[in-house]
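Structure, as structure tokens:
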Amino acid sequence: MSFSYTNAVDLAAGIAAGDFSAREVATSFLDRIAETDDQLNAFLAVDVSGALATADAIDAARARGEALGPLAGVPVAVKDVLTTKGLPTTCGSKMLEGWIPAYDATVTANLRNAGAVIIGKTNMDEFAMGSSTENSAFGPTRNPWDAGRIPGGSSGGSAVAVAARQAPLSIGTDTGGSIRQPAAMTGVVGVKPTYGGVSRYGLVALASSLDQAGPFATTVADAAMLHAVMAGHDPRDSTSIDAPVPPVVQAAANPDVKGMRIGVVKQLTGEGFQREVREHFQESLDALADAGAEIVEVSCPHFEYALAAYYLILPSEASSNLAKFDAMRYGLRVGDDGDRSVEQVMALTREAGFGPEVKRRIMLGTYALSSGYYDAYYGQAQKVRTLIANDFAAAFSQADVLATPTAPTTAFPLGEKVDDPLSMYLQDIATIPANLAGIPGMSVPVGLDDQGLPIGLQFMAPAMADDRLYVAGGALEAAIGWEARP
Ligand code: GLN
């Protein structure tokens, strides 16, 4: 590299100052992708010509003395569940293979307006269902810390793109943990913003009441810079919050936890978590206490029902959202030979186009929503959701932020859990409550286990207090000074 890359904030500043060109930066990350992605499979599409054209346009604008956006010339990789005009969007599924959207998601448009260079689309579990990226129809993504292991999921490609320095920043989506868990597995920062804080327009829906897009980055300040660009009110998303974006950049710039009350969720610290995960969690709390935070214990008794409620609500919403993939409107069409009925073509296409996990959830959701069962399953799950929100409200009366380990284990070997959906689902035990309640969460890397695999710590904050995550996360990052790279 003709420039030294440490983090995205410095990269943006270097481009703005003319220390190096956007083209040099784009070329160097494209080279890195070309060198590493045969092994890692983090990208489903790399937009070489588009990235270079955007970079050249930034360099030309700078030469003319025009004002540049906050991400001018900074490469960003985008999860393949967000639409990108003119670039394929597959959602990791054969169902959408070959589909080229005619429009940009609001997140994509916000990136372009900020001057970001969209470098490619990242691999993911099919329609964001999974915790390992093994449910991608295009092969799994591998963890750069150990290529025999999963990178987490469903946003595994985006997490790996940042961890392996294929891109300084990336975008993921998180419905039950799909940003925070892969961030933990790959040793990067990942944030799920407040539900409604980032527009869902153009985000292909998994479960509409839970989905949120958010940033992956190497540092807390880098994540804040991307978060601020992604977020904001959007009239095209009816659940978008019409309020100013929380001051995340300012929070990350001044991460002082003196007097901050950090609540440890009693129900999420026990034996179910790997020994090293618990040890690093405790050491992190000690470091935060040394930095002036007050550590308190809080109890969230209804969290034990969170996973069960999630696996009723998510399949119910997913089965309804995925009904639109009917072979008529987008992507794949199988068996349309003139003799078959529309229904037969739909059935053959859905049989061929969806993988096993997607089919499992469509069946679960269709059952849970069927007449006679609706109240017993979906209705009950919605009540649990309220109880969990009440638990959070009580906890936030005692604490400013909450802390838990992000995931129960570090990265597991490829193939280990593919035939055991329940143990795969348990990966999200600590992350799902935040989605059910709509509150923001962040995973910060805090160390390595005995095998050299990354461990994450999760912070959660009240809705629209995302800035508190950046205070706590920034303080923890500064206190433990963890900067290991694969
Ligand atoms: N692993 C969880 C699931 O399979 C979460 C997925 C996500 O957040 N998109 O549903």
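The values are calculated or read from the model by the stated rules, or taken from the named source; none is laboratory data. Since the structure is predicted, the reported quantities are computational estimates derived from the model, not experimental observations. Cβ: placed from backbone, ideal geometry, glycine included. Neighbour counts: every protein chain shown. Only protein heavy atoms, including side chains, enter the accessible area calculation; ligands, DNA and RNA are left aside. Shrake-Rupley method; radii C 1.70, N 1.55, O 1.52, S 1.80 Å.
Pairing residues of region 401-419 that are in a loop (DSSP other than H, G, I, E, B) with residues that are among the aromatic types (Phe, Trp, Tyr), at Cβ distances under 6 Å and at least 6 apart in sequence or on separate chains, gives 408/273. Apart from one condition, residue 401 fits all of (1) away from the ligand (no atom under 16 Å from the Cβ); (2) open to solvent by 30 Å² or more (accessible area, probe 1.4 Å); (3) under 28 Å from the mean Cα position of the chain (by Cα); (4) among the β-branched types (Val, Ile, Thr); the exception is (2). Looking across region 257-278, the residues that are open to solvent by 80 Å² or more (accessible area, probe 1.4 Å) and modelled with pLDDT of 95 or more come down to 258, 266, 275. For region 129-154, filtered to residues that are open to solvent by 10 Å² or more (accessible area, probe 1.4 Å) and within 17 Å of the chain's Cα centre (by Cα), the residue that is nearest to the ligand (Cβ to nearest atom) is 130.
Can you pull out every residue in region 41-55 that is touching a Ser or Thr at 6+ places or on another chain (Cβ under 9 Å) and open to solvent by 50 Å² or more (accessible area, probe 1.4 Å)? The answer is 44, and nothing else. Residue count for region 179-197 satisfying the condition of being within 15 Å of the ligand (Cβ to nearest atom), part of a loop (DSSP other than H, G, I, E, B) and open to solvent by less than 10 Å² (accessible area, probe 1.4 Å): 2. The set of residues from region 203-221 being farther than 14 Å from residue 463 by Cα, in contact with a helix residue (DSSP H, G or I) (Cβ under 6 Å, 6 or more places away or on another chain) and open to solvent by less than 10 Å² (accessible area, probe 1.4 Å) comprises 206, 207, 213, 215, 216, 217, 220. From the list 232, 176, 190, which one is touching a Ser or Thr at 6+ places or on another chain (Cβ under 8 Å), farther than 16 Å from residue 443 by Cβ and touching a residue at least 40 places away in the same chain (Cβ under 8 Å)? On inspection, the qualifying residue turns out to be 232. Just checking, which of 10, 59, 38 is in a helix (DSSP H, G or I), open to solvent by less than 60 Å² (accessible area, probe 1.4 Å), free of Cβ contacts under 8 Å to residues at least 40 places away in the same chain and among the acidic types (Asp, Glu)? None of the others qualify; the one that does is 59.
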